[in-house]
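Trainee: This is the structure I want to talk about, given as structure tokens.
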Amino acid sequence: MITAAVNGSSAARGYAIRPAVLRTAQAAAYLGVAIPTLRTWRHRRRGPKSFRMEGHVVYRLAELDAYLDACEAADSRSNPELNPLNQAARRDRSGRRVGERWAA
């Protein structure tokens, strides 16, 4: 988790706040991707939502977490509904399973 102390005295007391937004380098580290990858996603309108604040590109932590959740939900390994091994066999018009060879 990324935290930022408000000032030296609050850090000594154990208070820490979680930043609302992260800059590109911080967001890339949070997601575990390279900075150029995150920039490419932004220019291609892919990846987590970003916006400019005071001239800097920033990402909300909530958007980064939502993006990670969406990636996890779209993966067949973590979503049993998308696992092709759990799906019923598809059949063509003749009733044969799709991908089945012709009977000899």
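The values are calculated or read from the model by the stated rules, or taken from the named source; none is laboratory data. From a predicted model like this one, the values you see are computed outputs, not experimental measurements. Accessible surface is based on the protein model in full, side chains and every heavy atom, while ligands, DNA and RNA are left aside. Shrake-Rupley method; radii C 1.70, N 1.55, O 1.52, S 1.80 Å.
Trainee: Given the protein chains as shown and a 1.4 Å probe, how many square angstrom of ARG42 are accessible, to the nearest 10?
Mentor: 50
Trainee: A follow-up question, please. How do GLU81, GLU72, GLU63, GLU54 stack up against each other in accessible area, from largest to smallest, with a 1.4 angstrom probe?
Mentor: In descending accessible area the options line up as GLU54, GLU81, GLU72, GLU63.
Trainee: If you average the sequence gap of Cα pairs under 8 Å that are 6 or more apart and divide by the length of the stretch 19-69, what percent do you get for the contact order?
Mentor: Answer for the stretch 19-69 is 42 percent.
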